[in-house]
Amino acid sequence: MRKTMTAKEAANLLGVSYWLLLEMAKKGQIPNIRAGKRVLFRLESLEEWMDQQEKDSITKSENEQKQGTLRKVDI
């Protein structure tokens, strides 16, 4: 049984384009394994990454709600 998946398989799993996934991997935004010219992904790492992305989006949303916008008040 394989422990890794190809970029096309990982892109399909995540619901993003193959090219976007490769760009994210190149920038270090998503966990990946380089094997020569191939870019591979582990299911467990992608699931952990997705969980973290989801938690971060909730935290970010809560922080945005707590922070108001500054406005100039004429006196």
task: Let me know the charge dipole size of the chain about its Cα centre in debye, to the nearest 20, where only the beta-carbon of Lys, Arg (+1) and Asp, Glu (-1) is charged.
output: 480
- prompt: Among 4-11, 34-41, 52-59, what's the highest-first ranking by average C-beta atoms within 10 angstrom per residue?
  reply: 4-11, 34-41, 52-59
message: Give me the base-10 log of I(q)/I(0) for the range 7-56 at each q in 0.19, 0.26 Å⁻¹, Debye formula, one uniform scatterer per Cα, rounded to two decimals.
response: -0.57, -1.07
field: the chain, relative contact order in percent, only Cα pairs under 8 angstrom and at least six apart counted
entry: 27
message: Could you work out how much longer the chain between TRP19 and VAL73 gets when fully extended? Use 0.36 nm per residue separation minus the Cα distance between them, nm to one decimal.
response: 14.7 nm
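Read the figures in this text as sums done on the coordinates, not as results from a lab. Quick caveat, the model's predicted, so the values are computed rather than measured. Positions of Cβ are backbone-derived with ideal geometry, glycine not excepted, and every protein chain shown enters the neighbour counts.
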